[in-house]
Amino acid sequence: MKKIFFIFAFLLLATSVWIFPYYKELRHEGLTFEMAYYYLMGRPDHKFDPMDAVPQLDYSKQTSWASLPFISDEADLIPAGEVGVDQLNSKVDVFFVHPTGYLKGQHWTDPLEAKSATKENTQWMMANQASTFNGCCSIYAPHYRQASIYSYYDTEKVREEIHAFVYEDVKKAFEYFIQNYSNGRPFIIASHSQGTHHSIRLLAEEIDGTNLYARMVGAYIIGGEISKSWIKKMNDIYICDGPTELGCLVHWDTINETNINKNMSRFKNNICVNPITWKNEGPLSNLSESKGSVYVSGNFAIDLIGDDDPKGETFGPLEAPVKQYVQAQCKNGILFASDQSGTRFQGFGGSDGNYHGLDFALFYMDIRENAILKVKTYLEINFN
């Protein structure tokens, strides 16, 4: 018995020593040591090699897009009681870059299988995130060889190498959108999480300081942390500080309000615009200002180990908004939102009160109505 105990103890110690070099970075992502172990057990067993990835998508094909205005898809879903714009005749477009849905460790990038849990996760993102913008705009959302979730739990060097490779897909899709779909119309850039990491590069390299900037109504670049030092490098793009400001960027990372007095220094230089007041920093919003939260449709497959077989998920009508539901305040680079413990929304909150999975849901109608307002303002200024 003692022998078994000592063998187990040795293995635990050895594993701990192996994980330790990664632990600081994993903690930076808000993970526990136990979760760090779990992630590292499932990560790819080989180094990233671009030659191992599937070929880049052909964006002239409809199947290369998760959402297009002229096909029926999950981004068309509308909350009960609300109305959407006619996407075939909309005057403004949205280019939406979705977050990470590939949570497997067989590959460093999404193999883009036609039937998979990853594909269903992308549909979830269309239903619960991209759909926010169908009140104002036509929605274009490309599939891309997204980085595996495991890229976020490796070294910064590995992550940057993979993300640089993946970005080329986003850039290619945007170029096709501009050249073949946009037809000179104004547009909004929107994203979440991994999509945000690619979108800030897109904004910096393809829009800021170019003729395209004049056509950019705004940018909803949500979740994933954006440093204020990054925005200082921009020529044109700036941080929004009001609901009708144009050509600017909004960003927030949502955390449970119960953490408001904790030391979260990693966010100290982070951009935070309150999606209820649309002010950069500022006091706690009033409950009466909350336009409405919308509970998510369908399940998001979060299995990190095993195959990527589809789960058979479908995404039906969105529920009616729950109005005057949440309060929020930007403080020290973090958006602190009402505690969701014991509510239906709790299941989409992460470890340590991280509400990354609720960045859209809690503020669904606030985003929706603000996008409508910005589009109205832009069109009045530029086309009247």
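Observations
- GNM top mover of Ser338, Ser191, Ser288 - the chain, alpha-carbon springs below 10 Å: Ser288
- Mean projected area in nm² (Cα convex hull; one quarter of hull surface) for the stretch 241-384: 11.2
- Once the chain from Thr155 to Thr258 is taken as fully extended at 0.36 nm per residue, the excess over their C-alpha distance is 34.0 nm.
- Extension gain, Asp236 to Val54, is 61.9 nm, computed as 0.36 nm per intervening residue step minus the present C-alpha separation.
- Centroid-to-centroid separation of the stretch 230-249 and the stretch 97-147 [C-alpha atoms, Å]: 26
- Residue among Tyr220, Tyr355, Tyr325 with the largest mean-square fluctuation in a Gaussian network model of the chain, springs linking Cα atoms under 10 Å: Tyr325
- Counted charge near Pro310, where neighbours are those whose Cβ lies closer than 11 Å (Asp, Glu -1; Lys, Arg +1): -3
- Entries of Lys172/Lys268; Lys157/Lys228; Lys47/Lys268; Lys233/Lys374; Lys61/Lys233 with Cα pairs more than 26 Å apart: Lys172/Lys268; Lys47/Lys268; Lys61/Lys233
- Hypothetical label at Leu246: residues of the stretch 75-118 whose amide nitrogen lies under 18 Å (7 Å Cα-Cβ projection): 90-95
- Sorted by Cβ density within 10 Å, fewest first, the residues Phe95, Phe70: Phe70, Phe95
- Per-residue Cβ neighbour rank within 10 angstrom, fewest leading, Ser199, Ser290, Ser265: Ser265, Ser290, Ser199
- Neighbour-count ranking [beta-carbon atoms within 10 angstrom, fewest first] of Asp154, Asp253: Asp154, Asp253
- Gain in span if fully extended, Ile71 to Asp86, counting 0.36 nm per residue against the direct Cα distance: 4.2 nm
- Note on the chain: Cα convex hull, mean projected area over all directions, 20.3 nm².
Rule-based calculations on the coordinates, nothing more; no lab input. These numbers were taken from a predicted model, which means no experiment stands behind them. FYI the Cβ positions are ideal-geometry reconstructions off the backbone, even for glycines, and counts take in every protein chain you see.
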